[in-house]
Amino acid sequence: MRIEHVGKNIEVTDFIKNYTEHKLERLKPYLKDIDVADDSVQVRVTYNFEPHRHRNRVDIDIYFNTPGGGVIHAWEESNDLYSAIDFVIDEVERQLVRLKARRKEERRRLAKLKELERRMLTEEPSIERALIVEEPMPLEKPLTVDDARMLLEEMGAFFLPFRNAETGEINVIYRKKAGNYGLIVPGT
């Protein structure tokens, strides 16, 4: 982690630098959890004293020089410079926790997509075979519509394809929700 200290209307002493760098050390575990190497992180800390308000403002910008990239920016104001540093470090830590959660969720989403894509590529032929299975006609001999209805009742099935004895065509008789029966004939 490279740290740059910038002072506006304030002299940045070694004590201020050391205090800030010591506080920034607690952010290193979050950077490792986000999969960001220490050398790819640049931190810019800007200290600003506003004399007319007698306030100290501390801005922290964290730049990630990684393929995912990104910037975290936080700032805090206080009458005490060291309190402002503490508050801004807390805010940066909250943002890093959110960033970690977002990146973790993105990795999960990409892993799910990859797994789904892999499954689609490997199982595609078996899915097509499973959807349409060619079966022989259950009854080879022709039946009348009444005989097919009685057979459907005996079997307890919902539908029955059969060859109509009167027309010689394939028909389907099926059970309706109302308790009556329907007949599907070709050409109607």
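Taken together, the values in this text are just the output of simple stated rules run on the coordinates, not laboratory data. Keep in mind that what you see is a predicted model, and the values were worked out from it rather than measured. In this analysis, Cβ positions are derived from the backbone assuming ideal geometry, glycine residues included, and neighbour counts consider all displayed protein chains.
Using the Cβ-Cβ distance between Val71 and Thr122 with R0 = 35 Å, the FRET efficiency computed as 1/(1 + (r/R0)^6) comes to roughly 0.30.
Can you show me the helix-derived [θ] at 222 nm for the chain, built from DSSP H runs with n ≥ 4 at -39,500 (n - 2.57) apiece and divided by the number of residues, rounded to the nearest 500.
Details: 4 runs with 79 residues, N = 188.
-14500 deg cm²/dmol, from helical runs alone.
With neighbours defined as other Cβ atoms within 10 Å of a residue's Cβ, the residues Leu96, Leu183, Leu116 order from fewest to most as Leu116, Leu183, Leu96. Placing unit charges on the Cβ atoms of the charged side chains and taking the dipole of region 2-123 about its Cα centre, the candidate lying farthest along the positive direction among Ala101, Ser78, Thr20 is Ala101.
Compute the signed sum of charges (Lys and Arg +1, Asp and Glu -1) over the other residues within less than 13 Å, Cβ to Cβ, of Gly182.
Details: positive: Arg149, Arg175, Lys176, Lys177; negative: none.
That works out to +4.
Estimated from the Cβ-Cβ distance and a Förster radius of 41 angstrom, the FRET efficiency linking Tyr82 and Glu106 is about 0.70.
Considering only DSSP states other than H, G, I, E and B, which trypsin sites (Lys or Arg not before Pro) in region 3-90 qualify as loop sites with at most 14 other Cβ atoms within 10 Å? Here the sparse-neighbourhood loop sites are Arg53. Legend: residue pairs Lys32/Lys114; Lys28/Lys114; Lys28/Lys112; Lys28/Lys104, Cα-Cα distance threshold 19 Å; pairs beyond threshold, Lys32/Lys114; Lys28/Lys114; Lys28/Lys112. For Ile62, Ile72, Ile184, the sequence from fewest to most other C-beta atoms within 10 Å is Ile184, Ile72, Ile62. What you get for the chain, charging only the Cβ of Lys and Arg (+1) and of Asp and Glu (-1), is a dipole of about 260 debye around the Cα centre.
Fewest first, what order do Val71, Val36 take by the number of other Cβ atoms within 10 Å? Mind dumping the intermediate values first?
Working: Val71 9, Val36 23.
In increasing order of surrounding Cβ atoms, one gets Val71, Val36.
Spin-label pair Ile170-Asp39: with each label point 7 Å from Cα along the Cα-Cβ axis, the two points sit 7.0 nm from one another.
Once both labels are positioned 7 Å from their Cα atoms along Cα-to-Cβ, the gap between His54 and Asp14 label points is 3.1 nm.
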